[in-house]
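For reference, the structure discussed in these notes is given below.
Read the figures in this text as sums done on the coordinates, not as results from a lab. Note that the structure is predicted; figures quoted are calculated from it, not measured. FYI the Cβ positions are ideal-geometry reconstructions off the backbone, even for glycines, and counts take in every protein chain you see.
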Amino acid sequence: MINKVNKLASYAMYRQLYNDGKKDTYFIISKFIEHIIVTNKLNSFDVEKISLLLNENFGFCIPSYVIQSAIKRIEFVSKKDGQFLVSRKDISLDSEITQELEKSDLKSRALMSRLIKYVKDKNREINEEKLTREFTSFLLDDSFNGDYSSIISEFIIENNIDSDFLKNINQIKEGAVLFSGINYTSDISKLTWKNNINLYVETEILFHLAGYNGIFFQKLANDMFQLINEMNQKSNKRIISIRYYKEVSEDIDHFFGTAEEIVKGNKIVDIGNVAMDEIVRDCSTPADVINKRAKFTNILKRHSISEADSLNYYSPEYHNFNIESQEIVEKYGLATENKEKYLKHLNYTNILRKKDDINSENLSLKESKHLVITEVGKILQMANDFNKENEDFNAPLAISMSSLTNRLWFDLNKGFGSENLPSTFNILEKSRLVLSNILTQTVAKQYDKVKESYKNGELSEDDLNENIIELRKKMMKPEDIDREQLNNIDDIIKPNGLEIYKSGKERLEKKVKKLEHDNKVRELDRQKVVEEKKRAEKEVENSKKEITRISNERIEQIQRSINDIETRKDNADKRVKGWIKFIRGLITIGLFLIVLLVLYIGKNCNFDILTYILSTIIPIIFLTISVYTGEKIKYLNWFNIKIYKIEEKIRNFFYSEYYINLEELEKLKRDLMEIES
């Protein structure tokens with residue numbers, strides 16, 4: 001199984017090749033395959049073997065048709081009898097991406113080391129393997145949940161002033177977005193959506209679009225709807241339609257009805273209900289709420305969002321398509337009031353797909369015809385579980401906004417040249433979102449405890465009101481979170497970070513203790529400044545050591561490559577020298593025999609001996625000396641040139657046999673000199 005850190009390096013490399021290959025997916029995959037062929041010294045292979053090695057080396061799961069098309073881009077590979085054969089004639093010792101992969105790997109390892117140190121400095125319990133796994137998932141997937149989600153988010157926000165850091169993690173994320181497009185597309189050469197598809201949005205998506213949940217979520221929704229419009233334009237018709245089920249319509253009616261009651265003073269806004277806070281803001285009468293409802297309706301019309309057509313989903317003819325059951329309700333702990341939201345819409349969507357005779361085998365999202373879009377974790381979890389448990393569900397019944405945005409971005413072949421990338425690609429924004437969600441959940445749980453204490457008579461009404469006021473102060477939208485708030489957020493979300501405020505003696509004692517604590521803190525301030533300075537100096541020193549260590553590793557790696565090539569070159573040179581000596585010896589013997597033959601002919605033909613020796617024997621003797629010693633004689637240049645050409649061919653033959661690339665050797669030596677200097 002591939003190391004998780006190596007997987008990060010692979011996706012960063014994928015993102016870089018995307019630019020180099022001008023968005024050509026087959027070009028990118030071919031470079032990874034070339035690397036595998038070279039590093040594994042393959043002479044022949046089939047698609048299955050390459051698929052396995054791509055997964056083992058890079059964590060890539062690539063469809064067979066993509067692999068086959070990518071192999072066709074490799075010049076030194078040919079196909080015969082179902083096998084791919086490698087020609088060693090022009091193949092390099094290292095693939096084109098070897099050094100870049102090594103650089104990406106070093107960056108990823110340094111990034112992981114930095115995170116581990118950050119967690120340890122926070123005095124948090126740490127399982128390095130689990131932390132690495134969750135960090136990888138945080139960067140590559142749409143994952144938000146995990147034991148280390150908060151500390152990972154804090155780590156990223158803490159380093160948001162480091163441009164190289166942000167560039168590195170966003171490059172990894174963008175590579176993952178690009179790669180994900182391969183796995184859900186049946187043919188990456190045909191990216192335009194051709195078949196009609198209905199997207200059924202949940203209530204939170206509509207509230208995001210209206211801006212009720214803050215600027216961050218509104219931008220996420222706008223990004224998605226903008227890409228939907230672009231795909232419709234590219235398809236030359238409204239191929240993607242936005243709908244919502246009747247329960248969403250009822251939910252919206254209930255929401256605005258509750259807002260009217262709040263404005264009347266009959267109810268209060270629950271802690272954590274950001275949308276309700278936004279709706280009742282600046283509303284002094286029920287008429288103001290009705291006016292906001294009208295504006296909300298206009299937003300839906302402007303985006304061509306309408307209620308889905310009515311259908312009796314519980315008609316006997318659809319019973320075989322039903323996926324609702326008490327077993328599922330119990331398995332996922334669905335409360336009665338949530339059953340309709342969390343399960344019904346998945347059931348409706350499945351029935352609509354079956355009703356329209358959608359072929360589930362190898363079904364891609366753009367061909368699924370019906371799909372739920374939601375940010376509710378429970379719905380997404382059930383949809384993914386159904387997808388794993390049932391072979392029919394090759395395309396999940398529901399996906400998130402970010403997943404749809406990523407896939408539309410890939411299919412529109414948008415690339416990363418624009419500065420206005422969707423927020424789903426930005427890991428810093430995701431970190432703010434995760435921290436905001438964790439903070440909201442923590443405060444909401446505390447609010448439930450406060451209400452319970454009030455019901456049990458443990459708190460007075462004044463205490464209840466004060467607790468509500470204090471809890472509201474703790475709430476933060478994603479766009480409000482930055483480095484300055486991290487310590488406060490960390491204090492809130494840690495176990496027992498929030499306490500219930502009580503009046504009387506107990507509360508007074510807490511204030512006294514707080515004053516005493518503040519005095520101690522002030523006394524220790526000077527010492528803390530010194531410690532912070534030492535810690536900063538230590539971090540600089542550690543950073544330098546880390547850079548030196550990485551540099552030394554690179555030097556050792558290059559030196560090993562140089563030594564390996566030079567060792568093979570020495571062995572090849574010995575064989576070349578032996579063969580050249582052997583050939584020169586053979587030629588010398590041949591020439592000697594020619595001399596004897598000439599003498600014999602001269603004797604029998606009664607030639608003038610002196611003239612004969614000067615014109616024939618002496619040149620042959622000089623030629624023999626030149627061949628055997630290798631020394632050049634002025635009048636024998638033509639013959640020497642021929643001999644040296646033969647020697648050059650012998651040398652090239654053995655260098656090829658020993659995989660010796662002199663240009664590469666010189667490049668490695670130059671790289672070594674550059675690093676050492």
With a 21 Å threshold on alpha-carbon distance, the violating pairs from 301/430; 246/301; 72/569; 341/378 are 301/430; 72/569
Taking 7 Å along the Cα-to-C-beta vector as the label spot, tell me the residue 236-residue 113 distance in nanometres, rounded to one decimal.
-> 5.7
Entries in 117/173; 267/449; 103/667; 79/388; 122/528; 89/577 that, when Cα-Cα distance is taken, lie over 26 Å | 79/388
So how far apart, in nm, are the two label points at residue 551 and residue 141 if each is 7 Å from Cα heading toward Cβ?
-> 3.9
Fully extended, how many nm does the chain gain between residue 533 and residue 479 (0.36 nm per residue separation, minus their Cα-Cα distance)?
-> 16.3 nm
Can you list residues whose amide H is under 5 Å from residue 358's amide H, if they're 5+ apart or on another chain and H is modeled 1.01 Å from N?
-> none
Calc'd 3J(HN,Hα), the range 164-175, phi into Karplus 6.51 cos²θ - 1.76 cosθ + 1.60 (θ = phi - 60°), Hz, glycine/Pro = x, comes to 5, 4, 5, 4, 5, 6, 6, 5, 5, 4, 5, x
The answer for residue 45, listing residues at least 5 apart or on another chain whose modeled amide H is closer than 5 Å to its amide H, is 84
Expressed to one decimal in nm², the mean projection of the alpha carbon convex hull of the range 428-498 is 4.7
Quick one: which residues, 5+ away or cross-chain, put their amide H under 5 Å from the amide H of residue 398? H built at 1.01 Å from N.
-> 372
Whole-Hz couplings from phi, Karplus 6.51/-1.76/1.60, listed for the range 205-214; x for Gly and Pro | 5, 5, 5, 4, 4, 7, x, 5, 9, x
Each residue of the range 286-293 in order: what ³J(HN,Hα) in whole Hz does its phi give by Karplus 6.51 cos²θ - 1.76 cosθ + 1.60, θ = phi - 60°, with x for Gly and Pro?
-> x, 4, 5, 5, 4, 5, 5, 4
Here the convex hull volume per residue of the range 22-87, taken over Cα atoms and given in Å³, is 80
Over all alpha-carbon pairs in the range 34-144, figure out the percentage whose distance exceeds 24 Å.
-> 43
Linear extension gain, residue 282 paired with residue 317, 0.36 nm per residue minus alpha-carbon span | 7.6 nm
Can you pull the percent of Cα pairs in the range 194-412 with separation above 24 Å?
-> 46
If you wrap a convex hull around the Cα atoms of the range 206-301, how much volume per residue is inside, in Å³?
-> 96
Given a Förster distance of 51 angstrom, what is the FRET efficiency for residue 517 paired with residue 575, based on the Cβ-Cβ distance and rounded to 0.05?
-> 0.05
